[in-house]
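Heads up: the structure comes next, in structure tokens.
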Amino acid sequence: MSQTATMTGTAPATATTEPSGPRPKPFFTPKRIIIYTTLVFFSLYFLFPLYVMVVTSFKTMPEIRFGNIFALPSQVTFDAWIKAWTSACTGLTCEGLAPGFWNSVKITIPSTIISIFIAAVNGYALVNWRFKGSEVFFAILIFGSFVPYQVFLYPLVIITRELGIFGTLQAVIVVHTIFGMPLLTLIFRNYFASLPVELFKAARVDGAGFWRIFFEIMLPMSLPIFVVALILQVTGIWNDFLFGVVFAGTQNYPMTVQLNNIVNSAQGTPEYNVNMAATVLTGLVPLIIYFVSGKLFVRGVAAGAVKG
Amino acid sequence: MQQSVSIRDLSLNFGNVKVLERLNLDIAQGEFIVLLGPSGCGKSTLLNCIAGLLDVSAGQIFINGKNVTWMEPKDRGIGMVFQSYALYPQMSVEKNLSFGLRVSGMKKDEIDRRVKRASEILQIEPLLQRKPANLSGGQRQRVAIGRALVRDVDVFLFDEPLSNLDAKLRSDLRVEIKRLHQRLKNTMIYVTHDQIEALTLADRIAIMKNGVIQQLADPHTIYNKPTNLYVAGFIGSPAMNFIEGDLRDGAFVAKDGTSIPVGSYAYLNGAGSGPAVLGIRPEHIFVGEAAQGMPYQADVEIEIVEPMGSETLAWTTIAGKPVTFRCSSDIDIHAGDKMRVGFDVARGSLFDAKSENRL
């Protein structure tokens, strides 16, 4: 009692000099200055090209020829965007990027859905329904992700030709599904391995079978990892150039191939504003996916990394 | 009498590691049996084999006289409760309870009837619409028990169901499980590493070590007549005191020459001789007046005193070995005190030093 009394008695006198309460956190410490300088520098470093692209795409060709690439457009015009979408020449036809966009959609949606579904079932089976040789199977699958794509190109061309689908959308979809398998199976396997195995056991005691456990127990718990897989596949397939140009056939070229044809066309003067607009348009889909699901993405990546 | 669960020569190997080896166990109808042992002794593995979640390497399992060795878990007539509750996180309590019944294609009104009965028994009716994330640990474990209950099975399997709960809840749920068993009269197989749970719940305890059942007996026998040194040391807290020595001429001679009379000891197969270990539980060593009349008595100095509230634990040295004994907390006892202690080997155990088996 007497001790508490003395403590309250002396407290006001020492409040200014003696540490008391939360430690003060000054904003301008050397550490903070370094951190923010670095962050700002790298942000600018990555954002500057984007800035130049967007600004240029709103300019007219005469203005671009002045050479002030960092200046804001004196007169904002959407002509370049409209041309890029509807009438820029992509090789033989001059219909803009629109057909390529729809081709990319037709390639990306089925490839993403099919590859994610198969990989999820793979991962689930590898974790919960261990079979003889499942570890070997997994090792081979993972090895597949270390082989360069170019090595597979020629065999795959022959395989798709023999299947009679070379030069069609199906061929690109099949190829994307195959190449998505190693990485997707790995992340799904790791995610399912991080779920408590007792959950699976309980469902088996309850009498649920392979598909029932997958659809009713596992899938509802796997949203974060599905978002990760979705982002990986959508951006990967959307940005793909190689498989599109090899397997799709001219009339099915995805947006990336048509973008290349616009930008790299050797005829006439290069229309920088159209090129920039076309590039931004092509990159828009992955960008939107990132913005919409970035938070879930980070959470899912962390969840998938828990157990090997 | 009809056996509820019979295990015949069961072996299980993980690669080259033998987890269970030629294990036999008969469990009577309505019996509460506890599999007790340290982690890695194979007790959970055995439970998983009975449930059908692990394929056995050899041997047979019978449930209610039916050979279930190759059967799916759902066809074995078992319900299982897991340590981590294993509730389906995206389903409400009601859906958790009814999942197995819905899978089996049962009629809606029968499902409702069973869910209602189980939630009444476990007093979880107000929680039926909640998700598992919004339940406390004790409530979750109740739901997990309910999920086994609605299946209307003959055999309940518990895999360390209380290990994730705090001490207070654990003792509450322990009593509830006992009450549940008295009410339902199902066969229950319960895996734990907690000896208090084992002693309080079990009709019979099977103490396991390295995949082998060391002793299968009722709690009283396990505690008072342990079959070997391992069981004697595993059961009881604080642990049994052990003194090494030799049995000769009807007396136990400790390593330091102290002679302890063993005339009152009931041998299993006639008087033993040769190297032996004497085991005596802390509560079977008496102090003061109670020590008078004991076959062995000694004057000792108290070294450490641990007051536990309801009783006091004291450390001393007998026959050259550190020994603990319990005494009433009413006795005024301090380190440095000299007192007379005594015990009767009839209450203790004698083990062969070599085979470690009870003599």
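The values are calculated or read from the model by the stated rules, or taken from the named source; none is laboratory data. Everything quoted here is computed from the prediction, not taken from an experiment. For neighbour counting, all protein chains shown are included, and Cβ atoms are generated from backbone atoms with ideal geometry for every residue, glycine included. Ligands, DNA and RNA are excluded from the accessible area calculation, which covers all protein heavy atoms including side chains. Shrake-Rupley method; radii C 1.70, N 1.55, O 1.52, S 1.80 Å.
Going by what's in this entry, would B:Q90 be described as under 24 Å from B:G52 (Cα atoms), part of a loop (DSSP other than H, G, I, E, B) and either over 32 Å from the mean Cα position of the chain (by Cα) or facing chain A (nearest Cβ under 9 Å) (or both)?
On the way: under 24 Å from B:G52 (Cα atoms): no; part of a loop (DSSP other than H, G, I, E, B): yes; either over 32 Å from the mean Cα position of the chain (by Cα) or facing chain A (nearest Cβ under 9 Å) (or both): yes.
Here the answer is no, as B:Q90 does not meet what is asked.
Quick one: which helices (runs of 4 or more DSSP H) sit completely within region A:184-272 and have at least 3 residues that are open to solvent by 30 Å² or more (accessible area, probe 1.4 Å) and in contact (Cβ under 8 Å) with a residue 60 or more places away in the chain? Walk me through how you get there before you give the answer.
Numbers: elements: A:197-205, A:223-239, A:242-247, A:255-263.
Passing ranges, in order: A:223-239.
Working only within region B:55-66, note down all residues that are away from chain A (no Cβ under 14 Å) and closer than 17 Å to B:T187 by Cα. I'd like the intermediate steps shown before the answer.
Initially, region B:55-66 is screened for residues away from chain A (no Cβ under 14 Å), giving B:56-62, B:64-66.
B:I61, B:F62, B:N64, B:G65, B:K66, listed by residue number.
May I ask you to list the residues in region A:204-221 that are under 29 Å from the mean Cα position of the chain (by Cα) and within 7 Å of another protein chain (Cβ to nearest Cβ)?
Within region A:204-221, A:I217, A:P220, A:M221 qualify.
Can you tell me which residue is farthest from A:I237 (Cα to Cα) among those in region A:134-167 that are assigned to a loop (DSSP other than H, G, I, E, B) and open to solvent by 40 Å² or more (accessible area, probe 1.4 Å)? Step through it out loud before you land on a result.
Let us first name the residues in region A:134-167 that are assigned to a loop (DSSP other than H, G, I, E, B), namely A:145-148, A:164-167.
Applying the additional criterion that residues be open to solvent by 40 Å² or more (accessible area, probe 1.4 Å) yields A:145-146, A:148, A:164, A:166.
Values: A:S145: 16, A:F146: 18, A:P148: 16, A:G164: 22, A:F166: 18 Å.
Only one residue fits best here, namely A:G164.
Results for (1) at positive phi; (2) β-branched (V, I, T); (3) open to solvent by 20 Å² or more (accessible area, probe 1.4 Å), shown as yes or no for each residue.
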site: B:G59; (1), (2), (3): yes, no, yes
site: B:N64; (1), (2), (3): yes, no, yes
site: B:K95; (1), (2), (3): no, no, yes
site: B:S98; (1), (2), (3): no, no, no
site: B:G105; (1), (2), (3): yes, no, yes
site: B:K116; (1), (2), (3): no, no, yes
site: B:E125; (1), (2), (3): no, no, yes
site: B:L135; (1), (2), (3): no, no, no
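Residues in region B:215-229 that are open to solvent by less than 50 Å² (accessible area, probe 1.4 Å) and either in a strand (DSSP E or B) or more than 25 Å from B:F32 (Cβ to Cβ) (or both): how many?
4
Evaluate region B:130-143: report whether one residue or more is within 14 Å of chain A (Cβ to nearest Cβ) and farther than 25 Å from A:F215 by Cβ. Reasoning before the result, please.
Our first condition is that a residue be within 14 Å of chain A (Cβ to nearest Cβ); within region B:130-143, this holds for B:131-133, B:140-141, B:143.
Filter once more, keeping what is farther than 25 Å from A:F215 by Cβ: B:141.
Yes, some residue in region B:130-143 is within 14 Å of chain A (Cβ to nearest Cβ) and farther than 25 Å from A:F215 by Cβ.
Any residue that is buried (at least 21 other Cβ atoms within 10 Å of the Cβ) and away from chain A (no Cβ under 14 Å) - is there at least one of those in region B:45-54?
Yes; the residues of region B:45-54 include at least one that is buried (at least 21 other Cβ atoms within 10 Å of the Cβ) and away from chain A (no Cβ under 14 Å).
For B:I121, are the conditions met, namely being within 14 Å of chain A (Cβ to nearest Cβ) and among the β-branched types (V, I, T)?
Numbers: within 14 Å of chain A (Cβ to nearest Cβ): no; among the β-branched types (V, I, T): yes.
Criteria not met by B:I121.
Of all residues in region B:70-79, count the ones that are closer than 19 Å to B:L23 by Cβ and either at pLDDT 95 or above or surrounded by 18 or more Cβ atoms within 10 Å (Cβ to Cβ) (or both).
2
Report every pair of residues separated by at least 6 positions or lying on different chains whose Cβ atoms are under 6 Å apart, first residue within region A:143-171 and within 21 Å of A:I113 (Cα to Cα) and at pLDDT 90 or above, second open to solvent by 40 Å² or more (accessible area, probe 1.4 Å) and not in a helix (DSSP H, G or I).
The qualifying pairs are A:T160/A:F166.
I'd like to check which helices (runs of 4 or more DSSP H) are fully inside region A:40-131 and have at least 1 residues that are assigned by TED's automatic domain parsing to the domain that holds A:G244 and within 30 Å of A:R212 (Cβ to Cβ). Spell out how you get there, then give the answer.
Details: elements: A:61-65, A:79-86, A:98-128.
In region A:40-131, the matching helices (runs of 4 or more DSSP H) lie at A:98-128.
Can you tell which of A:F247, A:F188, A:F192 is away from chain B (no Cβ under 14 Å), under 23 Å from the mean Cα position of the chain (by Cα) and under 24 Å from A:T90 (Cα atoms)? Can you show your working first?
Values: A:F188 fails: under 24 Å from A:T90 (Cα atoms); A:F192 fails: under 24 Å from A:T90 (Cα atoms).
Result: A:F247 is the single residue among A:F247, A:F188, A:F192 that is away from chain B (no Cβ under 14 Å), under 23 Å from the mean Cα position of the chain (by Cα) and under 24 Å from A:T90 (Cα atoms).
Just give me the residues in region B:110-141 being within 12 Å of B:L87 (Cβ to Cβ), in contact (Cβ under 8 Å) with a residue 24 or more places away in the chain and not aliphatic (A, V, I, L, M), in sequence order.
Of everything in region B:110-141, those that are within 12 Å of B:L87 (Cβ to Cβ), in contact (Cβ under 8 Å) with a residue 24 or more places away in the chain and not aliphatic (A, V, I, L, M) turn out to be B:R130, B:K131, B:P132, B:G137, B:R140, B:Q141.
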